[in-house]
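**Student:** Dropping a structure here in structure tokens format, bear with me for questions.
Rule-based calculations on the coordinates, nothing more; no lab input. Given the structure is predicted, the values throughout are model-derived calculations rather than measurements. As a convention, Cβ positions derive from the backbone with ideal geometry for all residues, glycine included, and neighbour counts pool all protein chains shown.
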């Protein structure tokens, strides 16, 4: 029995010893392995000034000591010290900026070197190449093509603050402005993706001075823009205020023909800046601007000499011309004496169905639906009209509906909006009789005029 126990004990010692030897051998093998290294990208395509992110994972059984990322051609190097942590797995994230001084069409490589606590290393590289750029810079806000400059007759001086903004999908390299007849040139290095150019330009004589702008990016893509300064003797202008609102109206029509809606409300976007959606019923529609619902007093139009100069001088200025029929956004800046008219794209879900009028003071019964309105222009489904009799000369109220109570449009004098309840738009007809009502669902505006 003793021999059996001795043999069993010896066998157990041998087994434990073998297990110890086996474990020790396995650990030694793992420690001899070089670190594992993974780079998320197989290659990088980029350009000068760009920020580039490099991500990946390093691992090692013994523990990691450091990770070094570098681009020798550009003298870029980043070392991540892991000696105090000694992680067995580490996810690295590094962002570098491509130098602005690199040559076009560069072809270099990014190296990632990982080292473990025993000094063993693994290194991998991926190519870093130039990504061609074919997109030219663009103007965010271009200057007017015909700019008016007032020349003081006493000092024979005229100064204009010339500004415009621009951007590029990468970086703009230079901005160049030339005024040949003034023998004036200004070229600036920018190195930014988006910026604003500003310069004071002095004139000493009346005349027309063409100007040119060239935007160039780092790939050599260019955008050119041309216009002119028209220098004229100073014109008299009335004082202006930062009005609470402005109104735009069709200067070819008379306010006497309307009882409501002739003056289209313009909202104040910023100090001295106002905008509204309008409809030009024909090519070369003439519009003007006033701060109150009256053509007496302050009246804004354009200079007889320069059609882009917006100014306040009732009886002197001319209306602004809208070149083509259609919908537009009109924005005016009465302080800088400028305006902008841009096409408005009607929203896809704009209502084009049946329209009727309901309310009080009409020849048909109060709060019943009128006959359906009809299109003013067969090519425009948004503008509908109807001729209705008004029975209350003092006050009539109206709302537009879809021929039921499902959809209603109500107004407050400055805007129209969809609502299921609330006050209706009220107006004073001044007399009974027939009136023509137009409602435009594209810009949500209504007019009431004598028939």
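**Student:** Where the eigenvalues come from the Cα gyration tensor of region 309-451, what are the semi-axes √(5λ) of the equivalent ellipsoid, largest first, in whole Å? Could the numbers behind the result be given before it?
**Tutor:** Working: eigenvalues 187, 76, 41 Å².
Computed over region 309-451, the values are 31, 20, 14 Å.
**Student:** Determine one quarter of the surface area of the Cα convex hull of region 281-343, which equals its mean projected area, and express it in nm² to one decimal. Spell out each step's value before the answer.
**Tutor:** Values: hull surface 17.4 nm².
Computed as one quarter of the Cα hull surface, the answer is 4.4 nm².
**Student:** Moving on. Give the relative contact order (percent, whole number) for the chain; include only Cα pairs under 8 Å separated by 6+ residues.
**Tutor:** Working: 1015 pairs, mean separation 40.2, N = 451.
Answer for the chain is 9 percent.
**Student:** On to the next question. Roughly how far apart, in whole Å, are the Cα centres of region 261-297 and region 109-168?
**Tutor:** Answer, in whole Å: 38.
**Student:** Kindly identify the chain as rounded, prolate or oblate by the Cα gyration tensor criterion: order the square roots of the eigenvalues as a ≥ b ≥ c, call it rounded if a/c is under 1.5, otherwise compare a/b with b/c, prolate if a/b is larger, else oblate.
**Tutor:** oblate
**Student:** Also, I was wondering about something else. For residue 375, project a label point 7 Å along Cα to C-beta. Then give me every residue of region 269-287 with its amide nitrogen under 19 Å of that point.
**Tutor:** Those under the cut-off are 279-283.
**Student:** Continuing with the same structure: Between residue 342 and residue 32, what FRET efficiency follows from the Cβ-Cβ distance if R0 is 41 Å, with the result rounded to 0.05?
**Tutor:** Numbers: r = 71 Å, r/R0 = 1.73.
About 0.05, to the nearest 0.05.
**Student:** Then there is this: Roughly how large, in nm² to one decimal, is the mean projection of the convex hull of the alpha-carbon atoms in region 138-233?
**Tutor:** On the way: hull surface 22.4 nm².
Projected area, direction-averaged: 5.6 nm².
**Student:** Sorted from fewest to most neighbouring beta carbons within 10 Å, what does the list 405, 74 look like? Don't jump to the answer; show the numbers that get you there.
**Tutor:** Details: 405 10, 74 17.
In increasing order of surrounding Cβ atoms, one gets 405, 74.
**Student:** Can you give the calculated 222 nm mean residue ellipticity of the chain, where each DSSP H run of n ≥ 4 adds -39,500 (n - 2.57) and the sum is split over every residue, rounded to the nearest 500 deg cm²/dmol? Show your work: numbers first, answer last.
**Tutor:** Values: 1 runs with 30 residues, N = 451.
My calculation for the chain gives -2500 deg cm²/dmol from helical runs alone.
**Student:** Figure the gain on full extension for residue 53 and residue 157 (residue separation times 0.36 nm, minus the Cα-Cα span) and round it to one decimal in nm.
**Tutor:** Details: separation 104, 0.36 × 104 = 37.44 nm, distance 5.38 nm.
Length gained, residue 53 through residue 157: 32.1 nm.
**Student:** Residues of region 343-364 with backbone nitrogen within less than 15 Å of a virtual label 7 Å along the Cα-to-Cβ line of residue 404, please, listed as ranges.
**Tutor:** Those under the cut-off are 353-356.
**Student:** Hey, rough spin-label estimate for residue 189 and residue 324, points 7 angstrom out along Cα→Cβ, what's it come to in nanometres?
**Tutor:** Here the answer is 4.3 nm between the modelled labels.
**Student:** What is the list of residues in region 61-85 whose amide nitrogen lies under 17 Å from a point 7 angstrom out from the Cα of residue 111, following Cα to Cβ?
**Tutor:** 66-80
**Student:** Over region 166-301, with a single point scatterer placed on each C-alpha, what log10 of the ratio I(q)/I(0) does the Debye formula yield at q = 0.09, 0.18 1/Å?
**Tutor:** -0.49, -1.01
**Student:** Antiparallel versus total DSSP beta bridges in the chain: what percent is that, nearest 5? Mind showing how you got there, number by number?
**Tutor:** On the way: 136 of 145 bridges.
About 95 percent, rounded to the nearest 5.
**Student:** Using label points projected 7 Å from each Cα along Cα→Cβ, tell me how many nm separate residue 103 and residue 206, to one decimal.
**Tutor:** Those two pseudo-labels are separated by 5.8 nm.
**Student:** Nearest 0.05, what FRET efficiency do residue 360 and residue 226 give at R0 = 60 Å with Cβ-Cβ as r? It would help to have the intermediate numbers written out before the result.
**Tutor:** Working: r = 58 Å, r/R0 = 0.97.
According to the calculation, E is roughly 0.55.
**Student:** Find how much the distance from residue 85 to residue 141 grows on full extension, using 0.36 nm per residue of separation minus their present alpha carbon separation; answer in nm with one decimal.
**Tutor:** So the chain would gain 14.9 nm between residue 85 and residue 141.
**Student:** With the alpha-carbon atoms as the only input, what is the per residue convex hull volume for region 247-371 in Å³? Mind dumping the intermediate values first?
**Tutor:** Working: hull volume 18.6 nm³, N = 125.
Each residue corresponds to 149 Å³ of Cα convex hull volume.
**Student:** Note the full-extension length gain between residue 196 and residue 181 as 0.36 nm times their separation in residues minus their Cα-Cα distance, in nm to one decimal.
**Tutor:** Full-extension gain reported as 3.0 nm.
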